[in-house]
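Below is one structure, written out as structure tokens; comments come after it.
Nothing in this text is a laboratory measurement; each read-out follows from the coordinates by a stated rule. All figures in this text were calculated on a predicted structure; none of them were measured in a lab. Ideal geometry is used to build each Cβ from the backbone, glycine not excepted, and the neighbour counts take in all protein chains shown.
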């Protein structure tokens, strides 16, 4: 394993755990820790961005250039993930299985469409 991959794995794991813990703290009213949860979640996001920058630097890759295509792909990924999450909420929270399954499948299709859009079909 390359040093850059190991560093990215460690920093990514720590940032993911901090973000997940922060979201649990903020969104579970039983924990009564909204303020600290927001702080933990923010630290997790910032550490995740730092991880990306450190990994790209260690791999000697060019900085990410923000263009219309990158913005579109990010928006498509966010919309797909949110759509999948709404479908899961319909199924598990609101007990509307049919509509939740349809919405969730639309979210999955949006996320799957990212692969041919980014990599292309050869």
**Message:** touching a helix residue (DSSP H, G or I) at 6+ places or on another chain (Cβ under 7 Å) and more than 25 Å from residue 1 (Cβ to Cβ): which single residue out of 120, 104, 68 fits that description?
**Reply:** 104
**Request:** Give me a count of the residues in region 11-28 that are surrounded by 14 or more Cβ atoms within 10 Å (Cβ to Cβ) and either touching a helix residue (DSSP H, G or I) at 6+ places or on another chain (Cβ under 6 Å) or more than 21 Å from residue 53 (Cα to Cα) (or both).
**Result:** 11
**Criterion violated by residue 116 - all others in (1) part of a loop (DSSP other than H, G, I, E, B); (2) loosely packed, with under 12 Cβ neighbours inside 10 Å satisfied** = (1)
